[in-house]
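Visitor: Can you read through this structure? Questions will come right after.
The values are calculated or read from the model by the stated rules, or taken from the named source; none is laboratory data. No experiment lies behind these values; they were computed from the predicted model shown. Counting neighbours? That spans all protein chains shown, and the Cβs are built from the backbone with ideal geometry, glycine included.
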Amino acid sequence: MASTLTNLLYHIVYSTKYRHNLIVPPLQEELFPYIGGIIRENRGTLLEIGGMPDHIHLLARLSPTIAVSDMLRLIKTNSSKWVNERPAAAGRFEWQTGYAAFSVSESQVPTVRQYIQRQREHHRERTFREEFLGLLRKHNIDFDERYLFEETHIA
């Protein structure tokens, strides 16, 4: 075949460091388009973005020329740097180490898109921790819960 043809769709989830509520509405209004720009610069397409003050969900079509891990490194590094350089920055903004990425079939895009759009509704009934563990189990990802979440250490 003379061409490379792909449709690499991912539902990606990651949180702020220690799951602090840092993604407040005024920041969210600028942060989400900024993340979309990072994805576009790397030949991808952001299909949906949403979340809560402590975490984010992306539905994105990524280029086959960049590994998912490299894309997430670019998104997290550049977006946290951008937030911290803003005049209105209210302290240090950081993303938690790691992420979860789930492959999505084209037929499931509307379902995943709707799931991301309804984050506020989901979190009236369950925490991010419950949601995240549920997603990992649904996608048959082996994990050790002791190593999933960075916790604050108070001396």
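Visitor: Looking only at region 23-72, how many residues end up being of a type in the set (A, V, I, L, M), more than 13 Å from the chain's Cα centre (by Cα) and farther than 20 Å from N84 by Cβ?
Guide: 3
Visitor: For region 77-104, name all the residues that are under 18 Å from the mean Cα position of the chain (by Cα) and among the small types (G, A, S).
Guide: Selection gives S79, S80, G98, A100, A101, S103.
Visitor: Name the strands (runs of 3 or more DSSP E) wholly within region 1-115 that hold at least 1 residues that are touching a residue at least 40 places away in the same chain (Cβ under 8 Å) and basic (K, R)?
Guide: 55-62
Visitor: So, of the residues in region 97-127 that are modelled with pLDDT of 95 or more and touching a helix residue (DSSP H, G or I) at 6+ places or on another chain (Cβ under 8 Å), which turns out to be nearest to Y18 (Cα to Cα)?
Guide: Here the residue is Y99.
Visitor: Specify which of the listed residues (R19, R86, R73) is surrounded by fewer than 17 Cβ atoms within 10 Å (Cβ to Cβ), modelled with pLDDT under 95 and within 27 Å of F149 (Cβ to Cβ).
Guide: On inspection, the qualifying residue turns out to be R86.
Visitor: From L135, L62, which residue is aliphatic (A, V, I, L, M) and surrounded by fewer than 17 Cβ atoms within 10 Å (Cβ to Cβ)?
Guide: L135
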